[in-house]
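The values are calculated or read from the model by the stated rules, or taken from the named source; none is laboratory data. These figures come from a predicted structure and were not determined experimentally. Don't worry about glycine lacking a Cβ; one is built from the backbone with ideal geometry, like all the others, and counts go over all protein chains shown. The area values use the complete protein model at the heavy-atom level, side chains included, leaving out ligands, DNA and RNA. Shrake-Rupley method; radii C 1.70, N 1.55, O 1.52, S 1.80 Å.
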Amino acid sequence: MCSVLGLLVRQSDPRLRGAGTRVFIANHVTPFDHNVVSLLTSCNTPALSGASGFICWSRGFMELGVTGSRAELVDSLKEYSAHQGNPPLLLFPEEAATNGRAGLLRFSSWPFSILDEVQPVALQVRRPLVAVSVADSSWISELLWTFFVPFTVYQVRWMPSVPRQADERSEDFALRVQELLAMELGVVSTRITAADRTEHMKRLRHTSRLPFAPASSQRPAARPRVPPSLPGGAPEDVRVVAMAQQVKEVLPHVPLEVIRTDLVQTNCVDTTIANLLEGRVSFFPESKETEDLPAPSTSQAAAASGIQGSVAAPSSKPATKQFAKSPVERHLSLQERKRALYDYARR
């Protein structure tokens, strides 16, 4: 089998292998870690998930017939280990495979509730051209890649057995063994669980399906320019219309279509206001006077009066733009207006 799959297995300190230990604890790198270790010493790995029957047997797992909780699994494994004629157990407390180069997932405590002594086994896997373990990939795809690449090198390092200390809880025992394995492998001992990894992969899949999600190597400003849709459609359109109304209340002279078009690109009220104030978005001011617009609330009117400054006083004639003669004064005036607009938009 090793010659067909191109598996090269190396081990260090073979004298420590199986020195009276009934439970092996190893880090998880590939779906075939238990097959590789079983080539070096006789051991069994229980099937925790996946198909049962022939598929489970052909992959080298041991079926216990336990479909209930972890407590039932631990009781069944304790009964299995009580028989001296049974081979030792090989368990993977990470419960999920990683590439083994960055860190170890947090060890589950149930494998350390079976017996009071375990033997850590450090696994390192190297493969040319292709990554060793790809997140969210099935064991079938990993098997096909194993056939495809010229060879895969497994380095197995046997470590001394670790007994449980007096009055040590299973969680503390698991953490201590995890730290020892991390030091042996030269990686970080993390507190990230297999459930956290699964949730992270779900979020990545969900983000990749979003219509406005940028690619990882693409800057947000380089997204394709999408024309705004009419309100009443998708929830995204309703949110853009709501944000456009907020910008319109701050900048009533800017056409609503220009605001919505820029909001589709920025997805941020503050950024759109900054683009309009600093001239990054060109537009023609609307000819309608402020009397034609809906009357703002009391707080909005107060904020607008503080923002507009000199044009806040009511007048029968439309207010004209006045600029200071000094460039410094004009710059300060612009910064003050921008700051006031930002404060109002955030409120």
Backbone HN-Hα couplings from phi across the stretch 72-89 [Karplus 6.51/-1.76/1.60, Hz, Gly and Pro as x]: 5, 5, 5, 5, 5, 6, 5, 5, 5, 6, 5, 8, 5, x, 7, x, x, 8
Show me the three semi-axes of the equivalent ellipsoid for the stretch 24-96, from the C-alpha gyration tensor (sqrt of 5 times each eigenvalue), largest first, rounded to whole Å. 18, 15, 13
Students sometimes get this wrong: rank 167, 33, 237 by accessible area, probe 1.4 Å, all chains present, largest first. 167, 237, 33
How would the stretch 133-183 be classified by its alpha-carbon gyration tensor: rounded, prolate or oblate, with rounded meaning a/c under 1.5 and the a/b versus b/c comparison settling the rest? prolate
Tell me, what is the per residue accessible area of the stretch 39-179 in Å², probe radius 1.4 Å? 51 Å²
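Return one quarter of the surface area of the convex hull spanned by the alpha-carbon atoms of the stretch 82-169, equal to its mean projected area, in nm².
7.9 nm²
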Note, the stretch 39-47: 3J(HN,Hα) by Karplus (6.51, -1.76, 1.60, θ = phi - 60°), whole Hz, Gly/Pro = x, goes 6, 8, 8, 6, 7, 10, 10, x, 7
I'd like the Karplus ³J(HN,Hα) series for the stretch 95-103: coefficients 6.51, -1.76, 1.60, θ = phi - 60°, whole numbers in Hz, and an x wherever there's a Gly or Pro. 6, 7, 7, 10, 6, x, 9, 9, x
Quick one: which residues, 5+ away or cross-chain, put their amide H under 5 Å from the amide H of residue 23? H built at 1.01 Å from N. 89, 119
Can you send over the carbon and sulfur percentage of the accessible area for the stretch 83-203, probe radius 1.4 Å, protein chains only? 56 percent
How charged is the neighbourhood of residue 153? Take every other residue with its Cβ under 10 Å from the Cβ of residue 153, and add Lys/Arg as +1 and Asp/Glu as -1. +3
Which of the GluC sites (Glu not before Pro) across the stretch 82-184 are loop residues per DSSP, with 16 or fewer other Cβ within 10 Å? 168
